[in-house]
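Some notes on the structure that comes next.
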Amino acid sequence: MTRGQWRKGVNAAMLSLTGLCTILVASVLFVILAYLAWNGGRSLNWDFFTKLPAPVGESGGGMVNAIVGSGKLLAVAVLIGVPTGFLGGVYLAEFGHGWFPYLVRYATDLLNGVPSIVMGIFAYAMVVHRMGHFSTVAGGVALGVMMIPIALRTTEEFLHGVPGSLREGAMALGASKSRTVFTVVVPAALDGIVSGMMLDLARVAGETAPLLFTALGNPFWSKGWLEPTASLPVMIYTYAISPYEDWHRQAWAAGFVLLSLVLAVNVAARLILSRATSHR
Amino acid sequence: MASVSTPLAPLEAQPSPSFIKRLRAGDAVAHTITLIAASSIFLVTLLLVYYLWSESVLPRQKFGWNFIFTSVWDPVAGQFGALPFVFGTAVTAILALIISVPIGLGAAIFLAELAPRRISSYMTFLIELLAAVPSVIYGLLGITLLVPVLQSHVVPALKATLGFLPIFSGPFYGVSIFSASVVLAIMIVPFIVSVSREVLLAVPTEQREASLALGSTRWETTWKVVVPYASRGIYGSIFLALARALGETMAVTMVIGNTPRIQTSLLAPGYTIAAVIASEFTEATGDLYLQALIELGLVLFALTILINGIAQLLILATGPRLARS
Amino acid sequence: MTSVTTPMFTPAPPTGESKPREHSEVKLRTEDLSFYYGSFKALHGVTLEILERRITALIGPSGCGKSTFLRALNRISESIRNSRIEGRITLDDADVLKMDVTALRRRVGMVFQRPNPFPKSIFDNVAYGVRVNGLADQRSLKEVVERSLHRAALWDEVKDKLHDSALALSGGQQQRLCIARALAIDPEVLLLDEPCSALDPIATAKIEDLLFNLKDQCTIVIVTHNMQQAARVADFTGFFLMGKLIEFDRTEIMFKKPSKKETEDYITGRFG
């Protein structure tokens with residue numbers, strides 16, 4: 001074999017090999033979806049969405065309290081994470097100067113890298129320990145604080161992307177700095193910011209670890225905001241590691257529902273994002 | 001012809017002083033509010049460190065640095081050593097990297113350099129969706145799909161070929177360090193692919209053209225010019241993936257066996273820092289036990305901060321190439 | 001040439017050198033070459049003969065297609081999506097478009113507009129093409145590198161720091177390094193795409209000198225937006241306008257007595 005033939009052979013072989021790696025990685029997604037759809041889809045029924053969990057060992061029942069619980073947790077999280085992250089991002093992009101913004105960015109990236117279970121410890125110490133009991137609020141705090149770094153960076157990034165000429169145009173008409181920011185710059189960046197927040201929300205919606213010792217769990221309805229509550233991810237975990245076949249079945253169903261929601265929000269966010277960038 | 005309409009009163013030549021005062025006040029208020037929001041990051045970080053430190057005072061006083069080096073974790077006897085968890089965390093993370101880096105890098109190279117544009121964007125989209133799958137779902141599939149497959153096909157094949165090695169000795173009951181490493185590898189591959197791909201795409205076209213013009217094949221150009229150019233960023237992606245692997249909780253605790261022992265065989269069950277906190281926090285009886293778990297959280301926190309910091313430096317460094325001399 | 005009737009540009013002296021050359025062989029020939037970027041036709045049926053061991057310059061205003069033409073010669077334009085070539089290109093009568101592309105590029109080298117050294121050492125840059133094509137073993141590699149750096153008029157400046165990073169060199173030095181890198185694989189043709197446009201006059205002069213010296217061993221095609229450079233350096237000049245080859249002739253004829261009006265207008269600066 002000549003050297004030239006060898007080099008061509010290597011070229012072709014590596015093309016195939018790396019292509020194989022790509023197919024391997026991408027196929028994981030299909031395996032996950034297929035498995036969940038098959039096992040979870042079969043187990044989904046009306047009861048799942050309307051009934052409370054049955055007592056341990058008994059079959060039947062549903063996860064309506066977990067669904068509502070997740071909703072409440074995310075509501076608290078959004079209340080804490082979105083405004084803080086948004087306003088912080090506005091500060092970094094529009095008002096900050098000097099060394100302080102660098103510090104904020106650095107701390108944000110640091111916080112973003114903290115494992116979610118450690119955030120759970122944080123919420124435990126700050127809320128559960130103080131109150132003396134587990135609660136929805138504690139879980140919401142854990143998730144909300146996790147939302148802040150990404151919400152902040154996303155907002156900053158998209159505000160930076162708005163061209164300076166827009167700001168100058170508004171200020172030249174006599175608009176004040178804050179008015180320019182909130183009535184001109186933010187709306188221009190809104191698509192991107194919203195999509196970033198959606199991705200952020202989808203991420204915390206699937207988090208389990210921080211809820212394990214903040215919101216804990218609840219086989220019944222959780223009243224108000226100060227009681228422990230069931231949530232979809234924690235139910236999946238609890239049921240999956242249990243020895244009961246029926247609970248496994250329900251874990252599949254819950255997994256299917258959770259993944260569908262998370263992926264749907266992800267795809268929607270990316271669509272909004274691509275529409276936003278194509279307008280530029 | 002028409003009647004002359006009364007002229008509009010001229011607009012005020014200058015805004016009134018009170019208007020200007022309100023404008024400036026509005027700016028000041030906005031500045032302050034957004035500043036407070038940004039400062040919340042510091043508040044959270046400081047509080048986090050404070051809690052991790054103050055709520056782990058008991059084991060720190062009792063064990064000191066030995067905490068990290070003791071391999072006995074016996075809550076009943078009040079003995080708490082972190083070594084089994086540090087061991088488990090390190091081994092699963094490293095093994096996960098060994099599995100995922102070649103595959104992830106291969107996929108990134110394919111998507112950035114070798115694949116046609118359309119295929120590349122679709123595949124990248126799919127792989128980025130993978131990064132959005134929650135950990136507990138990976139755990140669910142880990143228990144029900146991966147572990148049985150490992151048990152029936154992979155491990156027997158492994159034992160048949162490499163069973164003489166001590167790391168593959170002993171019985172395999174499904175839940176193990178090995179299983180956890182495989183699940184972790186699957187979970188971190190999307191990050192390696194995604195970040196490495198972007199780093200490779202950032203290499204200037206002129207570099208590729210120079211190599212092609214000298215008669216290189218596409219693969220030679222990719223491997224000998226593009227990848228070396230992007231190497232720092234690729235290392236950064238590996239460190240990022242490592243940081244993620246260290247902190248993964250749910251999928252690991254569902255397939256690792258939750259056993260606080262250090263064993264040579266990868267087929268034996270084990271435990272990681274994140275997994276033990278998740279499974280034992282609510283069962284912890286007594287302050288020492290709980291605070292030992294919190295101290296483990298402190299160790300994990302320090303570890304991920306360190307690794308993430310290195311990752312950021314490496315990724316930033318692939319900006320403008322500086323001369324090495 | 002200092003008489004009052006000196007032409008505006010001093011053309012290259014006629015090529016009478018040590019070896020009398022009545023006919024030069026045709027090294028590269030294009031027949032009716034057209035190039036499309038998507039649906040945009042960038043080259044319209046260009047027919048051109050490039051003689052061996054001569055310097056041929058391609059001039060014309062921005063966007064006239066001269067770079068597109070050059071890049072078609074070593075098929076480096078193939079990596080552009082949606083591009084299409086029509087027509088024929090032959091190298092020593094062999095069809096370039098049907099050849100193995102890496103073999104083609106071994107024989108037809110290219111130097112780009114902005115210097116693009118690899119972030120490796122000076123030595124490794126020059127040795128890259130040699131290693132990849134397996135053209136020399138370890139021992140002769142050093143000689144090959146040294147010889148190329150001599151030919152590129154860079155040896156004296158870098159001989160003591162061959163293992164330092166190429167990026168530490170100045171712009172002009174980097175470009176000569178790129179020339180050395182291209183020369184190391186001993187190409188029969190060297191294509192240069194506006195090689196001096198990013199350089200100062202002194203660096204430019206050094207490169208023009210070395211091209212002159214290279215002519216004996218190598219066929220050179222240089223795209224330039226600088227007419228004086230073409231006049232200084234080239235034996236033949238082709239004038240491109242809007243994707244068409246308007247005129248092609250010996251340099252002194254092109255600059256003193258062009259036959260096409262467009263050529264004359266461009267050269268006298270009526271547009272550009």
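Every number here is computed from the coordinates shown, using simple stated rules; none is lab data. Every value quoted in this text rests on a predicted model; they were computed, and no experiment measured them. Reconstructed Cβ throughout: ideal geometry from the backbone, glycine too, with neighbour counts over all protein chains shown.
Rounded to the nearest 20 debye, the dipole size of the protein assembly as shown about its Cα centre is 840 debye, using +1 on the Cβ of Lys and Arg and -1 on the Cβ of Asp and Glu. Backbone geometry of region B:46-58 corresponds, through the Karplus equation with coefficients 6.51, -1.76 and 1.60 at θ = phi - 60°, to 3J(HN,Hα) couplings of 5, 4, 4, 4, 4, 5, 4, 6, 6, 8, 10, 5, 4 Hz, x marking Gly and Pro.
Taken along the Cα-to-beta-carbon direction at a fixed 7 Å, the label points for B:TYR122 and A:LEU103 span 5.1 nm. In the elastic network of chain A, a GNM with C-alpha springs shorter than 10 Å, the most mobile of A:GLY144, A:GLY61, A:GLY192 is A:GLY61.
If you average the sequence gap of Cα pairs under 8 Å that are 6 or more apart and divide by the length of chain B, what percent do you get for the contact order?
Numbers: 408 pairs, mean separation 81.5, N = 325.
Averaging sequence separation for qualifying contacts and normalising by length gives 25 percent for chain B.
Straight-line cross-link reach from A:LYS223 at under 29 Å between alpha-carbon atoms covers these lysines, not counting any fewer than eight positions away in the same chain: A:LYS51, A:LYS72. Residues of region B:56-74 with an amide N closer than 14 Å to a point placed 7 Å from the Cα of B:ALA302 along the Cα-to-Cβ direction: B:56-57, B:59-61, B:63-70.
Explain nothing, just the number: dipole magnitude of region A:48-279 about its Cα centre with +1 on each Lys and Arg Cβ and -1 on each Asp and Glu Cβ, in debye rounded to the nearest 20. Walk me through the numbers on the way to the answer.
Values: 13 positive and 12 negative charges, 68 e Å.
For region A:48-279, the charge dipole is close to 320 debye.
Cα extents for chain B along the principal axes, largest to smallest and rounded to whole angstrom: 107, 67, 50. Working from Cα pairs under 8 Å separated by at least six residues, relative contact order for chain C is 28 percent.
Rounded to the nearest whole Hz, the Karplus-based 3J(HN,Hα) values (6.51 cos²θ - 1.76 cosθ + 1.60, θ = phi - 60°) of region A:38-54 follow the sequence 5, 6, x, x, 5, 8, 6, 9, 4, 4, 4, 8, 10, 9, 7, x, 6, with x at glycine and proline.
With the Cα gyration tensor of region C:26-267 in hand, give its eigenvalues times 5 under a square root as the equivalent ellipsoid semi-axes, listed largest first in whole angstrom.
Details: eigenvalues 181, 86, 49 Å².
Taking √(5λ) for each Cα gyration eigenvalue gives 30, 21, 16 Å.
When the charge dipole of the protein assembly as shown is built from unit charges on Cβ atoms (+1 for Lys and Arg, -1 for Asp and Glu) and taken about the Cα centre, the candidate among B:GLN151, B:TRP223, C:ALA166 whose Cα reaches farthest toward its positive end is C:ALA166. Beyond 15 Å, the tail of the calculated P(r) for region B:145-238 holds 70 percent of the Cα pairs. For C:ASP186, no residue 5 or more places off, or on another chain, has a built amide H under 5 Å of its own. Cross-link reach is defined here as a Cα-Cα straight distance under 13 Å, omitting same-chain residues fewer than 8 places apart; for C:LYS159 the aspartates and glutamates meeting it are C:GLU143, C:GLU146.
In chain B, the longest principal axis of the Cα atoms and the axis of helix B:287-316 are about 60 degrees apart. Radius of gyration over Kirkwood radius for the protein assembly as shown, both on Cα atoms: the Rg/Rh ratio is 1.07. Taking the square roots of 5 times each eigenvalue of the Cα gyration tensor of region A:3-43, largest first, gives ellipsoid semi-axes of 39, 5, 4 Å.
Rounded to the nearest 500, the 222 nm mean residue ellipticity of the protein assembly as shown from helices alone is -18000 deg cm²/dmol, with -39,500 (n - 2.57) taken per DSSP H run of at least 4 residues.
Highest mobility in the GNM of chain B, judged by mean-square fluctuation with C-alpha springs under 10 Å and restricted to B:LEU23, B:LEU201, B:LEU46, is found for B:LEU23. Between B:THR161 and B:ILE262, the FRET efficiency estimated from the beta carbon spacing at R0 = 35 angstrom works out to 0.85. Residue pairs exceeding 20 angstrom between C-alpha atoms, taken from C:LYS27/C:LYS98; C:LYS206/C:LYS257; A:LYS8/C:LYS27; A:LYS8/C:LYS98; C:LYS66/C:LYS244: C:LYS206/C:LYS257; A:LYS8/C:LYS27.
Compactness of region A:176-280 is given as radius of gyration and Dmax, 19.1, 64 Å, from Cα positions.
For region B:34-60, there are no residues whose amide N sits under 20 Å from a probe point set 7 Å from the Cα of A:LEU190 along the beta carbon direction. With only Cα atoms counted, region A:10-98 has Rg and Dmax values of 23.3, 63 Å. Near A:VAL82, once Lys and Arg are set to +1 and Asp and Glu to -1 for all other residues with Cβ below 15 Å from its Cβ, the sum equals 0.
If you add up the charges near C:LEU97, with Lys and Arg at +1 and Asp and Glu at -1, over every other residue whose beta carbon is less than 14 angstrom from its beta carbon, what do you get? If you can, show how the numbers build up before the last one.
Working: positive: C:ARG29, C:ARG71, C:ARG75, C:ARG84, C:ARG88, C:LYS98, C:ARG105; negative: C:GLU31, C:ASP32, C:GLU78, C:GLU86, C:ASP93, C:ASP95, C:ASP100.
Taking every Cβ under 14 Å from that of C:LEU97, the sum is 0.
Projecting the Cα atoms of B:ALA38, C:HIS225, A:VAL64 onto the charge dipole of the protein assembly as shown, computed from C-beta unit charges around the Cα centre, puts C:HIS225 farthest toward the positive end. What's the angle, to the nearest 10 degrees (0 to 90), between helix B:117-130's Cα axis and the longest principal axis of chain B? That works out to roughly 70 degrees.
If you scale each eigenvalue of the Cα gyration tensor by 5 and take the root, what three semi-axes come out for region C:106-237, rounded to whole angstrom and sorted largest first?
Numbers: eigenvalues 111, 55, 28 Å².
Over the Cα atoms of region C:106-237, the ellipsoid semi-axes are 24, 17, 12 Å.
In this structure, the amide hydrogen of C:LEU43, modeled 1.01 Å from its nitrogen in the peptide plane, lies closer than 5 angstrom to those of C:PHE35, counting only residues at least 5 positions away or on a different chain.
What number results when the radius of gyration of region A:48-279, computed over Cα atoms, is divided by 2.2 N^0.38 Å? Don't skip to the end; give the middle numbers.
Values: Rg = 20.4 Å, N = 232, 2.2 N^0.38 = 17.4 Å.
With N residues counted in region A:48-279, Rg over 2.2 N^0.38 Å equals 1.17.
Annotation: average projected area of region A:121-170 is 4.8 square nanometres, based on the convex hull of Cα atoms across all directions. Largest mean-square fluctuation among A:ASP191, A:ASP200, A:ASP109, in a Gaussian network model of chain A whose springs join Cα atoms under 10 Å apart, belongs to A:ASP109. Placing +1 on each Lys and Arg Cβ and -1 on each Asp and Glu Cβ, with no other charges, gives region B:64-316 a dipole about its Cα centre of roughly 700 debye. Remark on region A:211-264: Rg and Dmax equal 12.0, 32 Å (Cα only).
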